[in-house]
1. Just checking, does the range 229-248 include any residue being assigned to a loop (DSSP other than H, G, I, E, B), on the phi > 0 side of the Ramachandran plot and either surrounded by fewer than 19 Cβ atoms within 10 Å (Cβ to Cβ) or touching an Asp or Glu at 6+ places or on another chain (Cβ under 9 Å) (or both)?
2. If a residue counts only when it is among the β-branched types (Val, Ile, Thr) and either farther than 19 Å from residue 341 by Cβ or within 13 Å of the ligand (Cβ to nearest atom) (or both), which strands (runs of 3 or more DSSP E) contained entirely in the range 71-163 have at least 3 such residues?
3. Would you tally the residues in the range 254-288 being within 18 Å of residue 137 (Cα to Cα) and in a loop (DSSP other than H, G, I, E, B)?
4. Does residue 266 fit the bill of being in contact (Cβ under 8 Å) with a residue 24 or more places away in the chain, away from the ligand (no atom under 16 Å from the Cβ), surrounded by fewer than 20 Cβ atoms within 10 Å (Cβ to Cβ) and under 24 Å from the mean Cα position of the chain (by Cα)?
5. Can you spot a residue in the range 270-285 that is under 30 Å from residue 99 (Cβ atoms) and either of a type in the set (Phe, Trp, Tyr) or modelled with pLDDT under 95 (or both)?
6. Of the conditions (1) touching a strand residue (DSSP E or B) at 6+ places or on another chain (Cβ under 9 Å); (2) surrounded by fewer than 17 Cβ atoms within 10 Å (Cβ to Cβ), residue 329 fails just one. Which one is it?
7. Could you please tell me which pairs satisfy a Cβ distance under 6 Å, a separation of 6+ or placement on different chains, a first residue in the range 286-299 that is farther than 21 Å from residue 376 by Cα, and a second residue that is of a type in the set (A, V, I, L, M) and within 13 Å of the ligand (Cβ to nearest atom)?
8. Just to be sure I understand the filter: pairs with C-beta atoms under 6 Å, separated by 6 or more residues or on different chains, first member in the range 193-211 and in contact (Cβ under 8 Å) with a residue 12 or more places away in the chain and closer than 24 Å to residue 9 by Cβ, second member near the ligand (Cβ under 10 Å from one of its atoms) and of a type in the set (Asp, Glu). Which pairs pass?
Amino acid sequence: MQFRDLKRQYEVLQKDIDVAMLEVARTGTYIMGSQVKKLEERLAKFVGVKHCVTCGNGTDALTLALKVWGIGRGDAVFVPDFTFFASAEAVALEGAVPVFVDVDKDTCNIDPVDLENNIEKTIKEGKYIPKVIIAVDLFGLPANYPVIRKIADKYSLLVLEDGAQGFGGAINDKRACSFGDISTTSFFPAKPLGCYGDGGAIFTDNDEWAKLADSYRVHGKGTFKYDNVRIGVNSRLDTLQAAILLVKLKAFEEKELAAVNNIAEKYTRLLKEKLKTPIVPEGFYSSWAQYTIQLENKAQRDSLQFKLKERGIPSMVYYPTGMHAQTAFANLTGQQNECPVASHLCDVVLSLPMHPYMTDDEIILIINSVADGIKEM
Ligand SMILES: *Cc1c(COP(=O)(O)O)cnc(C)c1O
């Protein structure tokens, strides 16, 4: 059994994907071919924003957003402690200071109360100027944007939605990647909408920011590629990846999103009496980048993972270490927070296999194996 069976997805979509890939090979426009523009239009429409600018990967998408806003030395950016490293790495790479905020124990997303505490603390200390809140849609569930937006408005901060795992999610029919002043996503193969390599995108309603992002992704181009008006990067989405994504976006919209939600429902229905299953708040919709259960302690989690492995069922620990405890951030000059909820989650979370092409037999085997594993403890 695969944790996320991408080959099975390819077998289902093979005919269309092969045609799309060969067409790119034949036409020869490998960089910025017509598929890239077409994909950007489709993605913007799907998300419900004015502009989509694709780029090389989800980490670059965060970097481009921070560059567009001119975030750098002396600035504080608030980042959830429980996330993939890139959410905080992009901040440090631009020379700004990531301030780690604890998360909610039910949703695993940034905790608005701790967020406001940290903003106040940063203002009081006066060492760094609060500029941006990065909210991550962890495991596919949108962060609490209605409350985050109120906090951002109160302190005049920008919201950057890291939707690398959240693409396809929603809050009351408003789709993920539309909640930030700029939002980003990743098309890394294992993300909800993945390509066959690296890819990413930024989303915004702001005309000027979209234009700036387009410039930054091509060496800070002005009116054309060899007119360079600012220091940028080289971060474009390959035409080949765009062609693949055009096929995959259709399947994602037509059936895959519904399929993962069906599987999550089954998991939750049959496991919720036995352990802590993921909580999706009223009005929220997840794209289930991960289905993550919580055990009681680290020993129980590690033991269950081992028992699942014995039965041939892969599982993953996303994530074993909070940002504040990462070696790379050991010498951070900003305030250091302990983030107890995030630290606890690192010990007790376990992500089960999740992808739209799982069979009923596989789902039942996983549920029974988890139940058996728990019973023996
Ligand atoms: C995967 C991921 C990224 C980075 O995306 P890449 O395409 O791998 O660079 C950023 N943030 C989060 C939350 C992610 O899960």
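The values are calculated or read from the model by the stated rules, or taken from the named source; none is laboratory data. Source: prediction; values computed, not measured. Glycine gets a Cβ as well: all are built from the backbone with ideal geometry, and neighbour counts include every protein chain shown.
1. Scanning the range 229-248, I find no residue that is assigned to a loop (DSSP other than H, G, I, E, B), on the phi > 0 side of the Ramachandran plot and either surrounded by fewer than 19 Cβ atoms within 10 Å (Cβ to Cβ) or touching an Asp or Glu at 6+ places or on another chain (Cβ under 9 Å) (or both), so the answer is no.
2. 129-136
3. 10
4. yes
5. So far as the range 270-285 goes, yes, one or more of its residues are under 30 Å from residue 99 (Cβ atoms) and either of a type in the set (Phe, Trp, Tyr) or modelled with pLDDT under 95 (or both).
6. (2)
7. From the range 286-299, the pairs are 286/141.
8. Partner pairs satisfying both residue conditions: 200/60.
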